[in-house]
Amino acid sequence: MKNHRLLISIATSIASLLSGLLPAVAAPDLRYNGADVYKDAKDNVYIIIDQQERLNYSGVDITKNQFSDACGFTSLKLNSGSSSFPVSITFNGTSDSLATIPTVTDKVPYKCTNGVVTWKGTAQTNVFQTSQNGNGSLTIKTIYYPSARTGGASKQGTIAYTANLSKMTKPNACNFIVTPGYIDSRKKTSGTLSLGRDPALNIATLPINPSPPECVGGKAVVGSTTAVTTFNGASLYRTTKNIYFTGLVPRSLNVVGYDTLSSKTFSTTSTCGRFDLKYSVMPKSIKIAGTTYPTATAPDGVYFDCTNPRYIALAANQIYLLNNKEYLYKTSDFNLKKLVTETPIEVVKNIAVNACGFAVIPALNTANGFTTGDKVTINGSTPYDVMTLPLAPTAPTCKNGVVYLVSP
């Protein structure tokens, strides 16, 4: 028992020590000025919550266009779990009070077979309804309009009514819900949102967040006009595929020079380890199997075949210049049929600074990102060895002059 307590004590001490050494990564605050319910400029409501929330929309004007069946009937199903029952329903311009529509007790009052109606009970010639109990306290009502009201088989009709809608909604992976404040954002009268925990929610008076959060890949992206874009105090840092240069004049330009390696694969049918290396631009050096060969000092080679004594006399694992326009590489592994070479390339690009005052400098190889040996110059600076720059786990983005930070 004493040993067990000692181990716990040691583990706690180690955890405390490590927590002091490791940089703390704070989760972003998704609230806006302390409010966990707010809206954007388009009246979309943001609810910061880690559990389900009931969303209630009152006074929703609902219109449905649908066709009658082969027997001339059309129907409307209402579920008390997701909708209140309307006071009246209008079909093709004629309104019926729900309270005065006759109720038929049969769950399935009729059957339509090849355009012929078979009634389970009494035949109905006007609008009628059925009412069934669902799970728990739910009630399901179905309103039927016969051919006398629809005009016959396969006729399109319009059903209109006003009701309150309700649904349980789960938050996204970033623990917030985004939902319209009004079902009809133009009128702002049809479908006004309230919450199960706050039925008195007033959309009109909610605070407006000009840069609300987004959820991208399960990570919250939070906008801020005062966000710090440096990484651990560094104004120049990298991710795997980009360099970030911060603290600049918005919309200015940076002249970026890339000094990187380009990979190329050569094949051969030779049985004596000979590879002919051809490049569109003569490189300053060629890197093969970890060894860099300067091309300026490459000795002259020969075009002769494998049996020629002059070729046999060439040292292996060496490059040779052929006619000042291509190179020969002789490997000691005569079974090698493919050879990968890397040559340095220099590219100059103008990279604009965004409206937030930082520049995003992408790797030339957008698929694989930066690799060992890549260097960049910025506005004529001394070359930076990219792989020695601080590596940030996430990086900011800029939208309409607002910095968005990704949660760790």
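Some notes on this structure:
- Some residue of the stretch 140-156 being surrounded by fewer than 14 Cβ atoms within 10 Å (Cβ to Cβ), more than 30 Å from residue 37 (Cβ to Cβ) and touching a Phe, Trp or Tyr at 6+ places or on another chain (Cβ under 8 Å): yes
- Residues in the stretch 134-173 that are in contact (Cβ under 8 Å) with a residue 60 or more places away in the chain and either of a type in the set (D, E, K, R) or assigned to a loop (DSSP other than H, G, I, E, B) (or both): 141, 146, 151, 152, 153, 154, 155, 167, 170, 171.
- Considering the stretch 296-317, and only residues there that are closer than 19 Å to residue 336 by Cα and in a helix (DSSP H, G or I), the residue that is least open to solvent (accessible area, probe 1.4 Å) turns out to be 311.
- When the stretch 388-408 is filtered for residues that are open to solvent by 70 Å² or more (accessible area, probe 1.4 Å), modelled with pLDDT of 90 or more and either in contact with a strand residue (DSSP E or B) (Cβ under 8 Å, 6 or more places away or on another chain) or more than 17 Å from residue 235 (Cβ to Cβ) (or both), only 391 remains.
- Residue 96, sole failed condition from (1) farther than 17 Å from residue 149 by Cα; (2) of a type in the set (Asp, Glu); (3) without any contact (Cβ under 8 Å) to a residue 60 or more places away in the chain; (4) in a strand (DSSP E or B): (1)
- Residue 336 being in a loop (DSSP other than H, G, I, E, B), within 49 Å of the chain's Cα centre (by Cα) and of a type outside the set (Asp, Glu): yes
- Of all the listed residues (269, 229), the sole one being touching a Phe, Trp or Tyr at 6+ places or on another chain (Cβ under 6 Å), part of a loop (DSSP other than H, G, I, E, B) and among the polar types (S, T, N, Q) is 229.
- Boolean, residue 170 is open to solvent by 50 Å² or more (accessible area, probe 1.4 Å), of a type outside the set (A, V, I, L, M) and either closer than 24 Å to residue 51 by Cβ or at pLDDT 90 or above (or both): yes
- Inter-residue pairs, beta-carbon under 9 Å, first open to solvent by 100 Å² or more (accessible area, probe 1.4 Å) and β-branched (Val, Ile, Thr) and in the stretch 271-291, second assigned to a strand (DSSP E or B) and modelled with pLDDT under 90, 6+ apart: 281/343; 281/345
- Among the residues listed as 372, 331, the single one being without any contact (Cβ under 8 Å) to a residue 60 or more places away in the chain and either in contact with a Gly (Cβ under 8 Å, 6 or more places away or on another chain) or at positive phi (or both): 331
- Condition met for residue 84 (surrounded by 11 or more Cβ atoms within 10 Å (Cβ to Cβ), under 24 Å from residue 155 (Cβ atoms) and among the hydroxyl-bearing types (Ser, Thr, Tyr)): no
- Hey, residue 195 of a type in the set (A, V, I, L, M) and more than 27 Å from residue 94 (Cα to Cα) or not: yes
- Residue 141 basic (Lys, Arg) and in contact with an Asp or Glu (Cβ under 8 Å, 6 or more places away or on another chain): no
- Candidates 321, 405 - the one that is part of a strand (DSSP E or B), without any contact (Cβ under 8 Å) to a residue 60 or more places away in the chain and hydrophobic (A, V, I, L, M, F, W, C): 321
- Scanning the stretch 352-383 for residues that are crowded, with 18+ Cβ neighbours inside 10 Å and within 13 Å of residue 236 (Cα to Cα) gives 357, 358, 359, 360, 361, 376, 378.
- Exclusive hit being at pLDDT 90 or above and either in contact with a Leu (Cβ under 9 Å, 6 or more places away or on another chain) or of a type in the set (Phe, Trp, Tyr) (or both), set 378, 361: 378
- Filter result for residue 246 (open to solvent by 40 Å² or more (accessible area, probe 1.4 Å), under 27 Å from the mean Cα position of the chain (by Cα) and within 30 Å of residue 372 (Cα to Cα)): no
- Search result, residues across the stretch 43-66 that are open to solvent by 60 Å² or more (accessible area, probe 1.4 Å) and of a type in the set (Asp, Glu): 50, 61
- Test: residue in the stretch 232-244 that is at pLDDT below 90, within 25 Å of residue 30 (Cα to Cα) and not β-branched (Val, Ile, Thr): yes
The values are calculated or read from the model by the stated rules, or taken from the named source; none is laboratory data. Not measured: the values here are computed from a predicted model. When we count neighbours, we look across all protein chains shown, and the Cβ atoms used for this are built from the backbone with ideal geometry, even at glycine. Areas reflect the complete protein model, heavy atoms only, side chains present, ligands, DNA and RNA absent. Shrake-Rupley method; radii C 1.70, N 1.55, O 1.52, S 1.80 Å.
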